[in-house]
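Visitor: Below is one structure. I have some questions about it.
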Amino acid sequence: MEVRRTHTRPAAGPAAADHEPVAARAGPPPGDVERSWFRCRVAGEDAPPIFYTQAQPDLDIDPPPDADPDADFATWRAEVAACDAAVAGRDLDDTFVSRTDTLSLRWLYGHMIEEYARHNGHADLIRQAIDGATGE
């Protein structure tokens, strides 16, 4: 899904050099969401959360002060690869059960595009505040 890469696009222009990277402010993309859907629900893997815990459920959207954005993005990239591998060879019309609903892989890809669109919108607002660039 190309929509995944949008979140990692850096700020540009002279103002960007004076600010921390957008990634540090926006946090990692939804790696735990991908893991939960593709690996746990579709592939049936037992994969615990990456970026949050039961004791700290907001760590995926509110990282701790000592978070390492480079390491977090590397973890996310590895998770994307693992999720892609978990559904490789499956048909878009293959189904899985999520709680009480039977859903298709096709539905899930649409859902993930929506999820990334929200995160990308947030990151784009942060990026625009840094470099002033609009449009595209």
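Visitor: Could you list Leu105, Leu125 in order of exposure, starting from the residue whose Cβ has the fewest other Cβ atoms within 10 Å?
Guide: Leu125, Leu105
Visitor: While we're on this one: How long is the gain from Ala74 to His122 if the chain were fully straight, where each residue apart is worth 0.36 nm and the alpha carbon distance is subtracted?
Guide: That works out to 15.3 nm of additional length.
Visitor: Rounded if a/c is under 1.5, else prolate if a/b beats b/c, else oblate: with a ≥ b ≥ c from the C-alpha gyration tensor eigenvalues square-rooted, which is the stretch 36-80?
Guide: oblate
Visitor: Full extension from Glu45 to Leu92: what is 0.36 nm times the residue separation minus their Cα-Cα distance, to one decimal in nm?
Guide: Using 0.36 nm per residue and subtracting the Cα-Cα distance, I get 15.0 nm.
No lab work stands behind these numbers, since they all come straight from the coordinates. Just so we're clear, the structure is a prediction, and the values are computed from it rather than from any experiment. No Cβ is skipped: glycine too gets one built from the backbone with ideal geometry, and neighbour counts run over all protein chains shown.
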